[in-house]
Amino acid sequence: MMRENFRQWLHRHPYYGEQCRAWARLILLFLSLLLFTLLSAALFEEADLGAMTADLQKRIPVLRLFPSWIVTLGIPFSDWRYFRHMLAPLAAVMLVLIAGGFYIRNIHDIPAISPAFHYLFSSMFGVGYPTLEIDGGKTRIDDGEINPVASIGGPGFVLIQPGNAVIFRDLRKPSNIALPQQYFMRPFEMIGTIADLDEQHGYEKEIRAVTHDGIQLHIRDINYRYKLLADKDENGGNRTRSTQNPYPFSIDAMLDMAYNNSVSEQGPETWQQAVQRTVNGGITDFISVNDIDYLTAPRRDGEDPRRELRMQLFTDNIGSLLRRIGAELLWIDAGHFDIDDFPEALEEGVDSQRFAYWAARWIGNDNKVRAIGNAQRIAYQEKGRAEAQAELLKGITESLQGFDLKEDPAANLRKMLLVRTAQILEGMSETKSWKRDDKL
């Protein structure tokens with residue numbers, strides 16, 4: 001139970017745990033050098049360590065207060081003949097440290113060797129930990145300075161100024177989220193994402209979009225403000241600023257800010273770029289579903305395209321996309337619209353494009369009405385043909401009723417066919433005469 005409590009205490013206070021490990025390494029190194037020196041003195045100098053210990057306690061009475069094995073460890077410091085055997089292992093340790101410094105420089109691609117040695121000695125012996133300051137959502141490093149904390153990682157101190165929050169991570173996962181304080185980074189711990197908790201200002205000089213009727217617009221001088229999404233209060237709404245909590249933010253939103261961004265050929269995009277991409281997408285979507293007349297010269301009283309654009313950017317669709325990256329849009333000014341003429345290769349400008357769009361719409365309506373009329377005409381023709389065939393069959397049937405087919409079937413049938421043929425020819429001649437008179 002005591003061991004478990006001690007481990008938890010070390011986890012909550014990583015600085016003291018790292019100091020304990022650094023002191024343990026120092027003591028182990030010092031004991032290793034002394035034991036190697038004593039072993040060399042016994043083998044090569046044939047020294048009697050027990051007799052020398054007794055002689056030291058006899059000559060220096062104060063040493064009698066210490067155990068004999070501690071006095072024995074001090075024998076190399078009493079005579080140069082024994083101390084010189086410590087030079088070889090000490091030189092080996094120094095060579096290993098120098099090689100380690102060059103190795104750290106190579107794997108982390110550090111231009112200078114001094115930051116690598118600084119990191120090595122501070123992490124090995126727990127002295128002179130480097131310090132890094134974070135303010136304004138970024139690290140404060142002078143030009144030409146190489147900070148081991150920023151280049152390599154922990155151990156080291158990070159001074160987080162008010163209005164900032166930092167996600168620290170290990171190799172594969174986030175390790176901690178720290179607010180303004182002096183934070184001690186454990187070994188192999190790195191700075192993951194730095195968040196500026198103040199309201200951010202975004203500016204887009206120009207966006208190109210195509211309207212619903214195919215005209216290209218330039219939307220210029222777009223300004224907007226946004227911030228990291230705040231956590232929920234007791235009533236379920238977003239927490240507002242107060243003197244006790246001047247920078248409210250959500251831990252989940254900060255994780256979304258760090259890990260819900262896209263990756264392109266140039267590498268992972270920043271949070272600011274992700275917000276800019278989402279806002280620009282909302283603007284271009286609004287332009288693409290409206291025509292040029294509505295955007296530049298609305299015909300109805302009370303129509304305001306820019307107000308509608310602002311309302312769309314604050315809808316749930318765009319809001320949900322911003323919440324996915326941990327952002328909240330506060331305000332936006334859509335700037336102004338400029339009409340972009342088409343390239344000279346097309347030999348037509350906005351007016352001709354607008355005329356072509358209107359013509360296509362009217363031609364489409366005319367083609368639709370014409371197609372309906374043709375379909376009705378064909379239907380009426382088929383209906384008239386069917387009725388004519390029905391009348392023909394009806395006439396044949398009535399003709400058959402007037403003949404007695406029992407007496408002479410062949411003669412009667414021939415007579416009936418001649419009568420019907422004469423009627424048809426008479427009807428055809430009347431139809432042609434009517435059409436000729438109609439033309440005249």
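The values are calculated or read from the model by the stated rules, or taken from the named source; none is laboratory data. Computed from a predicted model, the values in this text were never measured in an experiment. Cβ coordinates were reconstructed from backbone atoms using ideal geometry, including for glycine residues, and neighbour counts include every protein chain displayed.
For the subset of the stretch 205-223 comprising residues that are acidic (Asp, Glu) and surrounded by fewer than 14 Cβ atoms within 10 Å (Cβ to Cβ), which member is nearest to Leu179 (Cα to Cα)? Here the answer is Asp221.
A quick yes/no check of all residues on (1) under 30 Å from Met311 (Cα atoms); (2) touching a Cys at 6+ places or on another chain (Cβ under 8 Å); (3) loosely packed, with under 15 Cβ neighbours inside 10 Å:
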{"site": "Arg172", "(1), (2), (3)": "no, no, yes"}
{"site": "Ala178", "(1), (2), (3)": "no, no, no"}
{"site": "Glu189", "(1), (2), (3)": "no, no, no"}
{"site": "Arg225", "(1), (2), (3)": "yes, no, yes"}
{"site": "Ala230", "(1), (2), (3)": "yes, no, no"}
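Residue count for the stretch 97-123 under the criterion of being closer than 13 Å to Pro148 by Cβ, surrounded by 13 or more Cβ atoms within 10 Å (Cβ to Cβ) and among the hydrophobic types (A, V, I, L, M, F, W, C): the result is 7. Counting residues in the stretch 320-328 that are in a loop (DSSP other than H, G, I, E, B), outside the structural domain of Ala178 (by TED's automatic domain parsing) and over 23 Å from Gln200 (Cα atoms) gives zero. Scanning the stretch 94-149 for residues that are within 27 Å of Leu33 (Cβ to Cβ) and among the basic types (Lys, Arg) yields a count of 1. Taking the stretch 188-293 and the strands (runs of 3 or more DSSP E) fully enclosed by it, the elements with 3 or more residues that are modelled with pLDDT of 80 or more and more than 30 Å from Gly156 (Cα to Cα) are at 200-210, 216-228. Can you find, within the stretch 324-376, the residue that is surrounded by the fewest Cβ atoms within 10 Å (Cβ to Cβ) among those that are among the charged types (D, E, K, R) and modelled with pLDDT of 80 or more? This residue is Asp333. Are any residues in the stretch 141-187 over 23 Å from Gly128 (Cα atoms), in contact with an Asp or Glu (Cβ under 7 Å, 6 or more places away or on another chain) and in a loop (DSSP other than H, G, I, E, B), and if so, which ones? Within the stretch 141-187, just Gly163 meets the criteria. Reported count of residues in the stretch 141-159, each being more than 20 Å from Arg105 (Cβ to Cβ), surrounded by 14 or more Cβ atoms within 10 Å (Cβ to Cβ) and at pLDDT below 90, is 0. Out of Ala88, Ala47, one residue alone is more than 30 Å from Ser151 (Cα to Cα), at pLDDT below 80 and of a type in the set (Gly, Ala, Ser). It is Ala47. Restricting attention to the stretch 215-235, the residues that are of a type in the set (A, V, I, L, M, F, W, C) and closer than 19 Å to Tyr247 by Cβ total 3.
For the condition touching a residue at least 24 places away in the same chain (Cβ under 8 Å) and either in a loop (DSSP other than H, G, I, E, B) or outside the structural domain of Gln182 (by TED's automatic domain parsing) (or both), Arg64 does not qualify.
Helices (runs of 4 or more DSSP H) fully within the stretch 70-128 that include at least 1 residues being assigned by TED's automatic domain parsing to the domain that holds Trp23 and basic (Lys, Arg): 80-83, 87-107. When every residue of the stretch 192-204 is checked against the conditions, at least one turns out to be crowded, with 20+ Cβ neighbours inside 10 Å and of a type outside the set (Val, Ile, Thr).
When you check His85 against the structure, is it within 30 Å of Gly156 (Cβ to Cβ) and either in contact with a Gly (Cβ under 7 Å, 6 or more places away or on another chain) or not β-branched (Val, Ile, Thr) (or both), yes or no? Spelling it out, it is not the case that His85 is within 30 Å of Gly156 (Cβ to Cβ) and either in contact with a Gly (Cβ under 7 Å, 6 or more places away or on another chain) or not β-branched (Val, Ile, Thr) (or both). Filtering the stretch 294-308 to residues that are modelled with pLDDT of 80 or more and either outside the structural domain of Lys227 (by TED's automatic domain parsing) or of a type in the set (Asp, Glu) (or both) leaves only Glu308. Take the residues in the stretch 1-52 that are under 57 Å from the mean Cα position of the chain (by Cα) and small (Gly, Ala, Ser), then tell me which one is nearest to Trp69 (Cα to Cα). In this case the residue turns out to be Ser32.
Just one of (1) polar (S, T, N, Q); (2) surrounded by fewer than 18 Cβ atoms within 10 Å (Cβ to Cβ); (3) more than 21 Å from Gln276 (Cβ to Cβ); (4) in contact with a strand residue (DSSP E or B) (Cβ under 7 Å, 6 or more places away or on another chain) fails for Ser242. It is (4). Within the stretch 18-34, not a single residue is of a type outside the set (Ser, Thr, Tyr), in contact with a strand residue (DSSP E or B) (Cβ under 6 Å, 6 or more places away or on another chain) and outside the structural domain of Phe157 (by TED's automatic domain parsing).
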